[in-house]
Amino acid sequence: MRKAVRRIAAATGVLVAGAALPLVVTAPAQADPTDCAVYLATKGYKVGNLVKGICETYANNPTHSTPPIPCMKDFHRIGVKWSHAEEACNRAIE
C-alpha cells in the first residue's frame, strides 16, 4: 500500500512539474518591427514603406550589433535624429 501511495505521489509530482515547465520557461523576446515604426510615428516622423522596410530589415536580421549602428545609419540617411534612430532600432531588435 505504501509503495502505491509513493508511486502515485511521484507520478503526480512529475505531472505537476511537466505542466509548470511551459510557464517557467518562456520564449525569447521576438523582434517587432511594429514597435520600431510606432515609436518613430510618436516622434513625428512619417512612417511609410521606407521606414517600415528599415524596421523590418533589422527586426529580421539574426545578427545585431550594440549599438545598432547600421540600422541607425539607414534611419539617419532619411532624416531621423540619431537618438530617435537608436531607440527605434533597439525597439526593432528587442
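Bear in mind that the values in this text are calculations on the coordinates, not laboratory data. This is a predicted model, so every value here is computed, not measured. So basically every Cβ, Gly included, is an ideal-geometry build from the backbone, and we count neighbours across all protein chains shown.
Data for the structure
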{"item": "15 Å beta-carbon shell around Ile54, net charge (K/R +1, D/E -1)", "result": "+1"}
{"item": "Highest average packing first - 78-87, 41-50, Cβ atoms within 10 Å", "result": "78-87, 41-50"}
{"item": "Formal net charge of residues neighbouring Cys89 (Cβ-Cβ distance under 14 Å; K, R +1; D, E -1)", "result": "-1"}
{"item": "Counted charge near Thr42, where neighbours are those whose Cβ lies closer than 13 Å (Asp, Glu -1; Lys, Arg +1)", "result": "+1"}
{"item": "Pair Lys81, Ser65: separation of 7 Å Cα→Cβ label points (nm)", "result": "2.4 nm"}
